[in-house]
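One structure is given below, encoded as structure tokens.
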Amino acid sequence: MSNALLLVSALKSGYGAVEVLRGVDLEVHTGETVALLGSNGAGKTTLNLTLSGLVPTRGGQVRFDGLDITGWHYRRVVGQGLIHVPEGRKVFPNLSVHENLELGAFTRGRAHRAENLGKVYDIFPRLKERTAQLAGTLSGGEQQMLAIGRGLMAEPRLLILDEPSLGLSPLLVEEMFSLIGRLKAEGLAVLLVEQNVGQSLEIADRAYVLENGDIRFSGLPADLLASDTLRQAYLGM
């Protein structure tokens, strides 16, 4: 048995009659940053939603810290410390920054809510400046900060970041990857799901390429970049 923090074996999932994931194998170890790459429609978001308990599994197994969490309700998944920051931010626009962050500790992290809030404001000073501002009035970059901060309020053991740089300016993209580097340096396990191939591979310990619901590559970023065939076929590089 692997000692991976997250161990995904032959995972299948989909919607209605459509099978999106066709037997995905993937693992993330404690303190590791793993990049999951793939084009639109490859199945990345479906994988994230399935791991989080928001889309039912149709086959295979998901283990987290040795526990079989396949088919668990999403609140039980969160309770174990597997935290998903979704694509598109999904903040509560009519609640303040402070209220959005506090909701991050609703299921997990309540006991250290004040301490964790201080940590989030230390990482994102702009959020502290806007603590009473409605989330819907923040810029796109600030909303992404808020979404990640809300995830950190739940004291993640593994943080899934789904397209964190999507729609951001080049300067904010640099800030976002600097943040991911900081989380990595602090020992947090991160599953980074991105279309920003270059910067994702710079920061990742290992990488997977997902295409049409199947893993087409698993290994070191350097090996992926060294293969002209793989880069051209799956990364458009």
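The values are calculated or read from the model by the stated rules, or taken from the named source; none is laboratory data. Quick caveat: nothing in here was measured; it's all calculated off a predicted structure. Here the Cβ is made from the backbone with ideal geometry for all residues, glycine too, and neighbour counts use every protein chain on show.
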- If the Cβ limit is 6 Å and pairs must be 6+ apart or interchain, which residue in the range 168-188 that is over 22 Å from residue 157 (Cα atoms) pairs with which residue that is surrounded by 17 or more Cβ atoms within 10 Å (Cβ to Cβ) and hydroxyl-bearing (Ser, Thr, Tyr)? 173/165
- Query: Has the range 95-103 got any residue that is in contact (Cβ under 8 Å) with a residue 40 or more places away in the chain, touching a Lys or Arg at 6+ places or on another chain (Cβ under 7 Å) and within 19 Å of residue 180 (Cα to Cα)?
  - Reply: yes
- Given (1) β-branched (Val, Ile, Thr); (2) part of a helix (DSSP H, G or I); (3) modelled with pLDDT of 95 or more, index of the condition residue 148 fails: (3)
- Item | Output for the range 203-233, where each listed residue is modelled with pLDDT under 90, crowded, with 17+ Cβ neighbours inside 10 Å and over 21 Å from residue 177 (Cβ atoms) | 230
- Note on the structure: Contact list, first residue from the range 1-21 and over 14 Å from residue 59 (Cα atoms), second anywhere and hydrophobic (A, V, I, L, M, F, W, C) and at pLDDT 95 or above, beta-carbon distance below 6 Å, six or more apart or interchain, is 5/28; 5/158; 5/189; 6/28; 6/64; 6/158
- Task: Confirm whether residue 147 is in the same structural domain as residue 96 (by TED's automatic domain parsing) and in contact (Cβ under 8 Å) with a residue 60 or more places away in the chain.
- Result: yes
- Task: Could you grab me the full set of residues in the range 178-213 that are in a helix (DSSP H, G or I) and among the basic types (Lys, Arg)?
- Result: 182, 184
- Query: Is it the case that residue 136 is out of contact with any strand residue (DSSP E or B) (no Cβ under 6 Å at 6 or more places or on another chain) and either among the polar types (S, T, N, Q) or not in a helix (DSSP H, G or I) (or both)?
  - Reply: no
- Note on the structure: When (1) in contact (Cβ under 8 Å) with a residue 40 or more places away in the chain; (2) acidic (Asp, Glu); (3) out of contact with any helix residue (DSSP H, G or I) (no Cβ under 9 Å at 6 or more places or on another chain) are applied to residue 115, the one that fails is (1)
